[in-house]
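Participant: Input: one structure, supplied below.
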Amino acid sequence: MKHIKEALDAVFPEMVAWRRHLHRHPELSFHESATAAFVAEKLKEWGLEVRTQVGGHGVVGRLTGKPGGPVVALRADMDALPIQDEKSCEYASTVPGVMHACGHDAHTSTLLGVAKMLSERREELNGTVVFLFQPAEETTPGGALGMIADGALEGVDVVYGIHLWTPFHTGTAYCKAGPIMAAADEFIIEIKGRGGHGGSPHETVDSVFIASQLVVNLQSIVSRSTDPTEPCVVTVGSIHSGTNFNVIAETAVLKGTVRTFNSELRKQVKEKLERIAEHTCLMYGADIRIDYKLGYPPVVNHAEEAERFARVAADVFGKEGARVSPLIMAGEDYAYYLEKVPGCFMFVGAGNAGQGIVHPHHHPRFDIDETAMRGAAELFLRMTGDLHELPKFPVNTNSAQAWGQTKREILILQQAGESARLRISFGRDFAVSTRTLREIMTTDCQTVTLKDNVYEAAVKMKNEDTGFIPVVDGKKLIGVLTDRDLVIRGYADKREGSASIKEVMTDRVVSVPPETTVDEAARLMAKEQIRRLPVVENGDLVGIVSIGDLAVRDKFEDEAGEALSQISEKDKQPV
């Protein structure tokens, strides 16, 4: 199989061509018929199962590999904005007043590139990938809800989305657990006073004056009515009133937005805004009509998937390029997907000052550094691969090739930038080693006892940065507790008096004695689909061995050993 970067080299020119085609022919929200047809044609060409008209103009492609694996959904949005393109380039929009000013053309092209690459490797895909090409992200109520209602997430285990983001420089990627993008609400306030002559204000109720006071008063919501540690924005973006310099206008219309990350604060701000607006108008004798529309909820990433991003993105962008995202006040209807299934939303830097790509999203001269699509595609592929375990893209070196040709591999090297990861390759010939687990066994073993409650175990897991704790009675191994037990069974947030470990403990424990050989342990891990094995001696827990232990500590022969020796110790990460 080709190295992932070589495969990206092959498809990247097509991604650029697709992006420029879509950029020339943008379509507004709820009108993406030609874009959807373009996407569907490509997916069908590559042999995917394709559904069209999903929740409107949505397209869903399904690529099925080996049965039994997880179902991963990847999402891209397709719509453009009602903005006149002011760029001077050969791929500028040909549609007057409409342009891709937010990067959705690049999102669609990136996901098409991922679909093509995986379609060429479907025999190695351990599970299913669902490609969600979504319409109408830019205009509420958005396209996500319609796609979900039309079954786009049916059977999906996890969902990932990427936004190319020009405020971040190319070569970086950002994500965080918990809220990352704000709830985006809208309001329209219509003030009705009494018009009259500009020289006789005492005979009028001046809607422009009242609107001006109201704009100032609304700013007190953030400065004086909300917890300063809670991010919040109240913006009046539009005021329309009046017809001439000497006429006091009877009506004024204000339009604005509220951005919050906290559901309770979201409710409080709405109530406060309505009360301030009503009382301001009442004070000056005007009537008021308020239309407050709750928009997209906040985008809240699941912790486990954000942790996966941190690990995977470090491979793709390097440790310096994989960063914790700041809170972003923009809104996204991707939030609705995360309310249904686990997943995360990620940002990939697409700005490049050296190329003059500095304009913000929704600007008439907005553009992206197209090389960012490579990083986004690789991030999608590796997030999917990390969950599926496949497809794997081995290092394309003579030593790795020689190793593969001898059929003596326990490991496949995954190359990403300057680092590499080691993985067990199940289903291979495990006759590489007869060393025992005693020789490679981890000796320092954190445990919990039956008397510990779940909260204490959760604290220990957090402090030790582990998702796996053996449970012992004395020294005797009686069970294994995982972070998934705590989360799924609903006890993790409890404090003193919470359930005992025994109530949530995994019933079946697979363990091995220290005399077990490495290849025997690897076979057992493959059969039981587990990553760590407790090592016991006469019923006592004496250590834990992981896939990483087998990979990193074992000795290899021939050129394969030489390949491993070139990887620094800090880059050897157990899976």
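The values are calculated or read from the model by the stated rules, or taken from the named source; none is laboratory data. It should be emphasised that the depicted structure is a prediction, and the values quoted were computed from it without experimental measurement. Cβ atoms come from the backbone with ideal geometry, glycine included; neighbour counts cover every protein chain shown. Note: accessible area is taken over every heavy atom of the protein model, side chains too, but ligands, DNA and RNA are not part of it. Shrake-Rupley method; radii C 1.70, N 1.55, O 1.52, S 1.80 Å.
Participant: Only residues that are more than 39 Å from the chain's Cα centre (by Cα) and small (Gly, Ala, Ser): list them for the range 201-230, please.
Facilitator: 207, 211, 212
Participant: Could you count how many residues in the range 18-60 are of a type outside the set (Val, Ile, Thr), free of Cβ contacts under 8 Å to residues at least 24 places away in the same chain and either in contact with a strand residue (DSSP E or B) (Cβ under 7 Å, 6 or more places away or on another chain) or under 16 Å from residue 117 (Cβ atoms) (or both)?
Facilitator: 5
Participant: Consider the range 75-128. How many of its residues are free of Cβ contacts under 8 Å to residues at least 40 places away in the same chain and among the polar types (S, T, N, Q)?
Facilitator: The total comes to 1.
Participant: Look through 154, 138, 123 and report the one residue that is in contact with an Asp or Glu (Cβ under 9 Å, 6 or more places away or on another chain) and of a type in the set (Asp, Glu).
Facilitator: Only one candidate passes the filter, namely 138.
Participant: What tally of residues in the range 235-264 results from selecting those that are within 35 Å of the chain's Cα centre (by Cα) and either among the aromatic types (Phe, Trp, Tyr) or modelled with pLDDT of 95 or more (or both)?
Facilitator: Matching residues across the range 235-264 total 12.
Participant: I would also like to ask the following. Just to be sure, is residue 207 of a type in the set (Ser, Thr, Tyr), in contact (Cβ under 8 Å) with a residue 40 or more places away in the chain, within 30 Å of residue 274 (Cα to Cα) and open to solvent by 30 Å² or more (accessible area, probe 1.4 Å)?
Facilitator: Taking the combined requirement at face value, the residue does not satisfy it.
Participant: Quick check: is even one residue across the range 188-200 under 26 Å from the mean Cα position of the chain (by Cα) and within 30 Å of residue 285 (Cα to Cα)?
Facilitator: Checked against the condition, which is being under 26 Å from the mean Cα position of the chain (by Cα) and within 30 Å of residue 285 (Cα to Cα), the range 188-200 yields no hits at all.
Participant: Do the conditions hold for residue 132, that is, is it closer than 25 Å to residue 375 by Cα, of a type outside the set (Ser, Thr, Tyr) and at pLDDT 95 or above?
Facilitator: Judged against the criteria, residue 132 is a match.
Participant: I'd like to check something: does the range 191-201 contain any residue that is out of contact with any helix residue (DSSP H, G or I) (no Cβ under 7 Å at 6 or more places or on another chain), crowded, with 24+ Cβ neighbours inside 10 Å and among the β-branched types (Val, Ile, Thr)?
Facilitator: No, the conditions are met nowhere in the range 191-201.
Participant: Go through (1) within 24 Å of the chain's Cα centre (by Cα); (2) over 21 Å from residue 91 (Cα atoms); (3) in a helix (DSSP H, G or I) and name the single condition residue 51 misses.
Facilitator: Going through (1) within 24 Å of the chain's Cα centre (by Cα); (2) over 21 Å from residue 91 (Cα atoms); (3) in a helix (DSSP H, G or I) one by one, residue 51 breaks only (3).
Participant: Kindly indicate the residue of the range 128-186 that is part of a strand (DSSP E or B) and among the polar types (S, T, N, Q) and also surrounded by the most Cβ atoms within 10 Å (Cβ to Cβ) among those meeting that condition.
Facilitator: 134
Participant: Another one. Looking only at the range 89-107, filter to residues that are under 15 Å from residue 357 (Cα atoms) and small (Gly, Ala, Ser); which one of those is surrounded by the most Cβ atoms within 10 Å (Cβ to Cβ)?
Facilitator: Only one residue tops the list, namely 106.
Participant: Just give me the residues in the range 10-67 being open to solvent by 60 Å² or more (accessible area, probe 1.4 Å) and polar (S, T, N, Q), in sequence order.
Facilitator: 33, 52, 53, 64
Participant: Quick one: residue 4 ticks every box in (1) without any contact (Cβ under 8 Å) to a residue 24 or more places away in the chain; (2) closer than 30 Å to residue 317 by Cα; (3) surrounded by 18 or more Cβ atoms within 10 Å (Cβ to Cβ); (4) of a type outside the set (Phe, Trp, Tyr) except a single one, so which number is it?
Facilitator: Result: residue 4 passes all but (1).
Participant: Separate question: Is it the case, given these coordinates, that residue 502 is modelled with pLDDT under 75 and surrounded by 13 or more Cβ atoms within 10 Å (Cβ to Cβ)?
Facilitator: no
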